[in-house]
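Encoded as structure tokens, the structure appears first; notes follow it.
The values are calculated or read from the model by the stated rules, or taken from the named source; none is laboratory data. None of the values given here were measured: they were computed from a predicted structure. Because the Cβ atoms are built from the backbone with ideal geometry, glycine has one as well, and the counts that use them run over all protein chains shown.
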Amino acid sequence: MRVVLDTNVLIAALISQGVCSDLLEHCVLRHVIVSSDRILSELRRHLVDKFAYGVAEAEEALNLLRSHMDVVAPDELEQPVCRDPDDDWVLATAVAGAATCLVTGDEDLLILKQYQEIQIVRPADFAEYETSRPE
């Protein structure tokens, strides 16, 4: 399965042990993680500005993540979907990467539940989503 992990999920996976770090590890082992330079740039910015990562430390984390990702170049959506334009880029990444699922904690995305054929789920709900999918 091709899965997009939103920036908030990646941050939680990197800064603490728990649902998101377990999810990241699981997806690295069993799925293809789809991302974009836009998501990874946002991740870098938040790690440095909000979580006191040094620039070199943030780059090291991004390089490690990139080595386990299919990084795609999304096109802008034809029409805005979310009130936050950054969320539209997350959706565009999922579309460009032919993702099955988008995992996020962002309520503006979660309220959609689905975009085109892409399911939008919380990190805590991913295991249930994964097991409920037909083979």
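In table form, for the structure just shown:
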item	result
Per-region count, segment 93-126, residues crowded, with 23+ Cβ neighbours inside 10 Å and among the small types (Gly, Ala, Ser)	3
Qualifying residue in segment 70-86 (condition: in a helix (DSSP H, G or I), surrounded by fewer than 20 Cβ atoms within 10 Å (Cβ to Cβ) and of a type outside the set (Lys, Arg))	yes
Hits in segment 12-59 (condition: over 14 Å from Phe126 (Cβ atoms), without any contact (Cβ under 8 Å) to a residue 24 or more places away in the chain and either touching a Gly at 6+ places or on another chain (Cβ under 7 Å) or acidic (Asp, Glu) (or both))	Asp49, Glu57, Glu59
Candidate set from segment 80-135 (those that are hydroxyl-bearing (Ser, Thr, Tyr) and within 13 Å of the chain's Cα centre (by Cα)); member that is nearest to Asp70 (Cα to Cα)	Thr93
Qualifying residue in segment 62-84 (condition: touching a Pro at 6+ places or on another chain (Cβ under 8 Å), touching a residue at least 12 places away in the same chain (Cβ under 8 Å) and either among the acidic types (Asp, Glu) or within 22 Å of Asp22 (Cβ to Cβ) (or both))	no
Condition met for Asp22 (surrounded by fewer than 16 Cβ atoms within 10 Å (Cβ to Cβ), on the phi < 0 side of the Ramachandran plot and modelled with pLDDT of 95 or more)	yes
Residue count for segment 34-69, restricted to those that are crowded, with 18+ Cβ neighbours inside 10 Å and among the polar types (S, T, N, Q)	2
